[in-house]
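Scroll down for the structure; my scribbles are underneath it.
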Amino acid sequence: MKLRFLGGAREVGRSAILVNDRLLLDYGMAPGNPPAYPVSDVSPDAVVVSHGHLDHIGALPTLLSGNDRPPIHWTPPTRELALTLCRDTLKLHGGTYDCPFTEVEVGRMTQVSNEHGYGETFEGAGHEITFYNAGHIPGSAHVLVDDGETKLLYTGDFHTDDTRLLSGTTDRPDADVVLCESTYSDVDHDPREQVERRFAESVQTTVREGGTVIVPAFAIGRTQELLHVCAAHGIDCYVDGMGKYITQLLRSYPEYVRSEAALKRAKSNARFVTGKNGQRKRIARKNTVIVTTSGMLTGGPAMTYVPEIRTNPVNKLTFTGYQVEGTPGRELLEYGRAEINRQVMPVSAQVEAYDFSAHADRNGLKAFLASYTDTPVLLNHGDRCEAFADELQSEGFDASAPELGETVHVE
């Protein structure tokens, strides 16, 4: 089997792996200024998508330009999430370098869509392919690819621990080679129960003291997890931004969440913001909790809320996800100020960060790979793939970290 690494090798973002020159696994982008895309144009016979995050699907519509119409295979939630994110990219950046596709190409995604559930084997570009639950976001999948001679397990992004929204992955299919993400290979997450308790206590204290809490959150997965947490701890909250739509969307796919009833309760506990008639500014003056996009303060309703609450030291911003270098969220954490609405604003409100990651940490990665001690392991989707490969080698693994653009032959 031949693997060509077009993105995601020794980096996080723009995941794209071409298998046997015919089958493409993911086709993402790396948000930034400017954004980064896979390093080579390709014309695959079929595409398989592991899950619906921009770093795995952000360049997908570009494959449908001209006369190319490769079928796209994914789970039902991944289809909906990918379409939602691509349409949002069009809305925000259409006609600029930040959006390398058109509305026509996004529309074609629906024409070539093929949906598959977990455990269902299907054919793609001459390969037998099976999805397994990856526990990362609803619909996320490990992808097992069999070309008749070699079985490749592409982990995609995954989580081994249970969260309120999802159960951690327990699937460990037989494989001849494993291509494994390594995002948090040097991090040990605190137990989720401790993180959740600290978050809830902090939020409740601020509200009790008369403050407002802004909770920047990623729309997919993170917003829903935080709504679960608020409901479980009796915290009244508002929800705003794309997370509102995604929350409603996921209720249509109950088999892809841990508990349909819990998601229903979480939604019912939150009040949905319409944004009409100055509603956001009024809510920002209340002593309440607002879960809103964007998770890194790069846009969305957070651009209204932060200026409204920033001058009062009783108020609080609680980040719940990783803040990429160069984003306003990262600047605020490091320097106490950030560029909001094209203006650098000092923030007197308290700023905190909580690790609600949906990725396996160092222990989770090793626990997963413990099922593959006699299997070659290729590492991608991480900032320290080489170092982690060296570490695994010292523990007896046949591990390596392919470079961007490299072609690897595996058996």
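The values are calculated or read from the model by the stated rules, or taken from the named source; none is laboratory data. Fair warning: this is a prediction, and the values are worked out from it, not measured in the lab. All Cβ positions, even for glycine, are placed from backbone atoms using ideal geometry, and neighbour counts span all protein chains on display. These accessible areas exclude ligands, DNA and RNA; they are computed on the full protein's heavy atoms, side chains included. Shrake-Rupley method; radii C 1.70, N 1.55, O 1.52, S 1.80 Å.
Structure notes:
- Within the set T206, T163, the sole residue that is under 30 Å from I290 (Cβ atoms), in contact with a strand residue (DSSP E or B) (Cβ under 6 Å, 6 or more places away or on another chain) and modelled with pLDDT of 95 or more turns out to be T206.
- Every pair of residues 6+ apart whose Cβ atoms lie under 6 Å, when the first sits in the stretch 31-43 and is in a loop (DSSP other than H, G, I, E, B) while the second is open to solvent by 80 Å² or more (accessible area, probe 1.4 Å): P34/Y97
- Positions within the stretch 172-206 being open to solvent by less than 50 Å² (accessible area, probe 1.4 Å), assigned to a loop (DSSP other than H, G, I, E, B) and farther than 24 Å from F319 by Cα, in sequence order: P173, A175
- Among the residues listed as N380, N363, the single one being among the polar types (S, T, N, Q), open to solvent by 70 Å² or more (accessible area, probe 1.4 Å) and touching a residue at least 40 places away in the same chain (Cβ under 8 Å): N363
- For the stretch 271-298, a residue qualifies if it is open to solvent by 10 Å² or more (accessible area, probe 1.4 Å) and under 13 Å from G243 (Cα atoms), and the qualifying residues are R271, F272, T274, T293, S294.
- Selection within the stretch 299-341 - in a strand (DSSP E or B) and either closer than 22 Å to R198 by Cβ or open to solvent by less than 20 Å² (accessible area, probe 1.4 Å) (or both): K316, L317, T318, F319, A338, I340
- Which numbered condition F356 misses (of (1) part of a strand (DSSP E or B); (2) in contact with a helix residue (DSSP H, G or I) (Cβ under 7 Å, 6 or more places away or on another chain)): (1)
- Residues in the stretch 142-167 that are touching a residue at least 40 places away in the same chain (Cβ under 8 Å), aliphatic (A, V, I, L, M) and open to solvent by 10 Å² or more (accessible area, probe 1.4 Å): L166 alone.
- Here G336 meets the list (1) in contact with a Pro (Cβ under 8 Å, 6 or more places away or on another chain); (2) without any contact (Cβ under 8 Å) to a residue 24 or more places away in the chain; (3) within 26 Å of H93 (Cα to Cα); (4) of a type in the set (G, A, S) almost entirely, failing just condition (3).
- Among the candidates H56, H51, residue that is in a loop (DSSP other than H, G, I, E, B), of a type outside the set (D, E, K, R) and modelled with pLDDT of 95 or more: H51
- Scanning the stretch 7-30 for residues that are surrounded by fewer than 24 Cβ atoms within 10 Å (Cβ to Cβ) and touching a residue at least 60 places away in the same chain (Cβ under 8 Å), we see that the one that is nearest to the chain's Cα centre (by Cα) is V12.
- Screening the stretch 342-353 for residues that are within 25 Å of the chain's Cα centre (by Cα) and without any contact (Cβ under 8 Å) to a residue 60 or more places away in the chain and picking the one that is surrounded by the most Cβ atoms within 10 Å (Cβ to Cβ) gives V351.
- Residue pairs meeting the criteria (Cβ under 7 Å; at least 6 apart or on separate chains; first in a helix (DSSP H, G or I), in the stretch 256-269; second among the small types (G, A, S)): Y256/G139; R265/A231; A266/A231; N269/A231
- For E403, the stated conditions hold: it is in contact with a Lys or Arg (Cβ under 8 Å, 6 or more places away or on another chain), touching a residue at least 60 places away in the same chain (Cβ under 8 Å), open to solvent by 60 Å² or more (accessible area, probe 1.4 Å) and not in a helix (DSSP H, G or I).
- For the criterion of being modelled with pLDDT of 95 or more, in contact with a helix residue (DSSP H, G or I) (Cβ under 9 Å, 6 or more places away or on another chain) and surrounded by 14 or more Cβ atoms within 10 Å (Cβ to Cβ), L250 passes.
- Qualifying position, being closer than 23 Å to Y245 by Cα and open to solvent by 10 Å² or more (accessible area, probe 1.4 Å), among H51, H93, H56: H93
- T62, sole failed condition from (1) outside any loop (DSSP other than H, G, I, E, B); (2) of a type in the set (V, I, T); (3) within 19 Å of G156 (Cβ to Cβ): (3)
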